[in-house]
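The values are calculated or read from the model by the stated rules, or taken from the named source; none is laboratory data. Because the structure is a prediction, the values reported are computed rather than measured. Neighbour counts run over all protein chains shown; Cβ positions are idealised from the backbone, glycine included.
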Amino acid sequence: MILQALNDYYHRNKSVLPEKNFQTQEIKFVIQIDKNGDFKNLLDVREGKNGHVYLLPKAIGRSGSNSWQTANLLWDHYGYLLGFPKDDSENANKMANKQLASFIAKVKNLPQALKEDTGINAVIRFYMQNQQELVIKHPLWENCSKIPGCNMSFQLLGEDCLIPERNAVKKYVSENGNEQDDESETVKANCLVTGKYAPIARIHTATPILGSKSNAKLVGFQKKSGFDSYYKEQAYNAPISSDAEAAYTTSLKYLTKSSENNFFIADTTVVFWAERENEEYNFSNEFQWFFADSPKDDPDRNTRTVKNLYSAIYTGKIPIDDGSKFFVLGLSPNAARISIRFWKTGTVREFADKIKLHFDDFEIIHGPNEKHHLSLNQILRATALEYKTDNIPPKLAGNVVQCILDGKPYPITLMQQCIRRIRAQQKVTRARAAILKAYLNRINRIYHSSEKEVEVSLDIENANIGYRLGRLFAVLEKIQEEANPGPINATIRDRYFGAASSSPVAVFSQLLKLKNHHLGKLDNKGRKVNFEKMISEIFEGISNLPANLPLNDQAYFSIGYYHQRNNFYKEN
């Protein structure tokens, strides 16, 4: 289903995608030579941290111990172009020498008519004169060598295009395609993607994502493994035609590089596309901003995007069902392959409704200077040590995105991580309170619990024992603060929050005694009365202090505390 959708995307968007035998490729350094093949300069063509993007002959799939035999046409990493090893080991040096030999042989074995092209002839002369040794002596080489597997290519002096972009090379690649390093004759079978009887691709093109190896593939087959059967080895046991392979890999590489069709959350790359765009509301253009952080040059992008979504739903710009499909694919790196974290399909309206529900569930009272909606990164970082993205638990980001798109309960690990961070830091932030509210409300709603739904702000009617005890703790903390207007070395929150939220009976008896001491220090009698009324109102729903609170009630405790504290700020 995934490959079929990517194949269809390619055929719908041929006008904007690279031709069958080409791909857009980042190149970071360019070897500049003259017509005689003499080395002239090493050019750093990076744009920030990324390389410059060129349209080059498509990379050839390679894998296994003999992968060094397969070189790309007129571009590759420095092992192939210069014989430069990835490290100082003897094996690495031997491998680099073999890669260089394969690259040179590929250029020399080109048809004679193509070798007469000025650019190709210059590359051949470059290697005949061992000019590659001069590249490594260039002052910029140190910068290039520090980039693992840095991709490079050639350029003729005085020209803007690379040699693999010259018209003669383009014509040759268009007519002859990519030469595969097949060790047998072409095998034909019924393609699982198109259903057509056609030549089968044995090795699929790499489609690397952020965090993966440069040769990572969405589809990869091992040879002589348990997957081989009925004398069908490697890819022939799950046949995908060369045309379908070219189409789906081209689509996926385009989508993962596009600035409008993907976003990155923690360890997960999410790509998305629409079967057909709505003229009144372009859901694809908005989709990434429901999840990704706003760009620095447009800090209100998230807020504006969510506002537009609500407006589009309420005004009917997104029809209930126009038959237009929308696709979302979550990918994460896994050794030499790419793991599929999730795959979602549905109509634009289905996704829109579920995303709106997510923002509804996460809505909670907040300060006047804070943005109205929380981004997914804010939510996930709230569960991580030191709020660092690197400390977000593995798989959590992908699982949360799945729950948003499915409208299902948020993963229990999200709630558990949130409570751990609250207990560790004794701090309930807006994002953490919103996580707990959203988790509890979805669980209660989907499983038809009799528990009252958590409101956006303070709800004095909520009788949950955890919620009321959280409110009580906030009132006791406020009394302490007003009784001691100066700096306090350690508040009751610093000392008792974790214990109070898990073992109330052991803590609140002591805190209530301490409360009397703090009230005695207040000069404002009216304020004393107000506090006593608050405590009485809270205790109306508490018959006995429980010895322990289960995890869900601990979540209610934190929300009750957060609501009550924000209500005090509102009063001020």
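Values computed for the structure shown
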{"read-out": "Which listed residue, of SER536, SER503, SER558, is over 13 Å from GLY470 (Cα atoms), at pLDDT 90 or above and not assigned by TED's automatic domain parsing to the domain that holds PRO368", "value": "SER536"}
{"read-out": "Meets criteria (assigned by TED's automatic domain parsing to the domain that holds ASN167, at positive phi and out of contact with any His (no Cβ under 8 Å at 6 or more places or on another chain)) for LEU100", "value": "no"}
{"read-out": "Region 430-453 residues that are closer than 19 Å to ASN567 by Cα, paired with ones that are acidic (Asp, Glu) and assigned to a loop (DSSP other than H, G, I, E, B) (beta carbon under 7 Å, 6 or more apart)", "value": "ARG430/GLU370"}
{"read-out": "Residue selected from region 17-57 under the condition within 26 Å of the chain's Cα centre (by Cα) and more than 19 Å from THR205 (Cβ to Cβ), by the criterion surrounded by the fewest Cβ atoms within 10 Å (Cβ to Cβ)", "value": "GLY48"}
{"read-out": "Qualifying residue in region 358-366 (condition: closer than 25 Å to LEU210 by Cα and among the hydrophobic types (A, V, I, L, M, F, W, C))", "value": "no"}
{"read-out": "Flag if LYS356 is touching a residue at least 12 places away in the same chain (Cβ under 8 Å), surrounded by fewer than 19 Cβ atoms within 10 Å (Cβ to Cβ) and out of contact with any Asp or Glu (no Cβ under 9 Å at 6 or more places or on another chain)", "value": "yes"}
{"read-out": "Unique residue being farther than 30 Å from VAL400 by Cα and not basic (Lys, Arg) when the list is ASN444, ASN489, ASN464", "value": "ASN489"}
{"read-out": "Subset of region 262-308 [surrounded by 15 or more Cβ atoms within 10 Å (Cβ to Cβ), charged (D, E, K, R) and in contact (Cβ under 8 Å) with a residue 40 or more places away in the chain]", "value": "ASP267, GLU275, ASP293"}
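Per-residue answers, yes or no, for (1) free of Cβ contacts under 8 Å to residues at least 60 places away in the same chain; (2) assigned to a strand (DSSP E or B):
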| position | (1), (2) |
| --- | --- |
| ASN7 | no, no |
| GLY37 | no, no |
| LEU56 | no, yes |
| ASN72 | yes, no |
